[in-house]
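Notes to accompany the following structure.
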Amino acid sequence: MTTTTAEPGTVAPVKQKNKSDVQGSGRLAAVLLSPTFLVLALVVGYPIIDALRESMYQRSNGLDANGFVVKGDKFVGLKNYTDILTGDASHAFWNAFYNTTFFTVVGVLIETILGVAMALVMHQAFRGRGFVRASILVPWAIPTAVSALLWRWVFQADGVANAMIGHQVLWTTEGFHAKVAVLIADTWKTAPFVGLLVLAGLQLIPAEVYEAAKVDGAGTWYTFRKITLPLIKPVLLVAVLFRLLDVLRFFDLPFVLIGAHKDSVETLSMLAYDEASNLRYGPAAAYATILFVYVAVVAYAFVKLLGADIIGEARSRKKTAAKRAKKGPRAAREATA
């Protein structure tokens, strides 16, 4: 058996992958992933396509030329969308669109701030920390409908909320106070979710980092802004993204807490439900399709804007590594010359 040794001053050649091996690996990956793609096509792709098809039909209950009753679905093209955006239903749509956006922006902002604060508290060492961490899970574990019923009791005319503020407020009626009630209930339930994810990120930060910052004389606010926040940014972005996608399809909490047909809290999901419950499946599918596009655009923009720097850094690292690999043999020869 013979072995080949590189002469001094030279670099051993690197074996490159054959093109056929790469293609074979790609085919194997496609075969292994095909069951997953099939399931996704059935449970995700088919409902989306069927909703798009349904949104182009309307229920027909009229009379034909001979005076006979005609029942069934009639193809109307994009009429459902034009009615929603600019027609008679436009007022309800834009009101629901505003409410959905309001709950998303304001609610997620409050939940993120409180969630980070809760994570920082739970991360500290104190007596009863295990009990506090377990109790934080209780609001998040309660089903949303049950949570809404509990808060409906709190916000009754003779409930706890009015007793605490010493003022009579009809929380479950039309008005901005209904939005406040929904935000309070939603924050109470979902802020622990953000807190738990951020806590997991905090536990991954080495203690030596904080010790070095303390030795360098860094204060509490500077340490949080320059060390803690950048290190928990990936986890925090995931938590915020999950909450954005969840609030954009807001339905059960305002529906149970405040009720249906309330302009103050009506969301896009509630509009779609109302149309479907009245057997107007075409407009309901159109509302659902618009909501789907809205969620997809927000998710894409969120990942693209806040994840662009991360992707750019990864690409720049790859380019730098490739340049160093090309310069490697020359640098090695110069070093040994």
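The values are calculated or read from the model by the stated rules, or taken from the named source; none is laboratory data. Predicted model only: the values in this text are computed from it and were never measured. Don't worry about glycine lacking a Cβ; one is built from the backbone with ideal geometry, like all the others, and counts go over all protein chains shown. What goes into the accessible areas is simple: the full protein's heavy atoms, side chains included, and nothing from ligands, DNA or RNA. Shrake-Rupley method; radii C 1.70, N 1.55, O 1.52, S 1.80 Å.
Taking the Cα centre of the stretch 55-326 as origin and charging only Cβ (+1 Lys, Arg; -1 Asp, Glu), how large is the dipole, in debye to the nearest 20?
It comes to approximately 1500 debye.
Of the residues I184, L199, F155, the one whose Cα sits farthest towards the positive end of the charge dipole of the stretch 110-236 is L199 (charges of +1 on Lys and Arg Cβ, -1 on Asp and Glu Cβ, taken about the Cα centre).
If packing is taken as the average count of other Cβ atoms within 10 Å, what order do 283-289, 89-95, 211-217 fall into, highest mean first?
Numbers: 283-289: 24.9, 89-95: 15.1, 211-217: 10.6.
My ranking of the peptides, most packed first, is 283-289, 89-95, 211-217.
Given R0 = 25 Å, the distance between the Cβ atoms of I48 and N95 translates into a calculated FRET efficiency of 0.45. For the stretch 118-160, the list of trypsin sites (Lys or Arg not before Pro) that fall in a loop by DSSP and count at most 14 other C-beta atoms within 10 angstrom reads R127. For the stretch 55-326, a/c is not less than 1.5, where a ≥ b ≥ c are the root eigenvalues of the C-alpha gyration tensor, and a/b does not top b/c. That puts it in the oblate class.
Projecting the Cα atoms of F251, I113, H123 onto the charge dipole of the stretch 55-326 (Cβ charges, centred on the Cα centre) puts H123 farthest toward the positive pole.
In this label model, N278 and A145 are separated by 2.3 nm, measuring between points 7 Å along each Cα→Cβ vector. Within the accessible area of the stretch 55-326, the carbon and sulfur atoms contribute 67%, probe 1.4 Å, all protein chains present. Charged neighbours of G282, selected by a Cβ distance under 11 Å, balance to +1 (K, R count +1; D, E count -1). Per-peptide packing, taken as the mean over residues of other Cβ atoms within 10 Å, places 246-259, 221-234 in the sequence 246-259, 221-234 from highest down.
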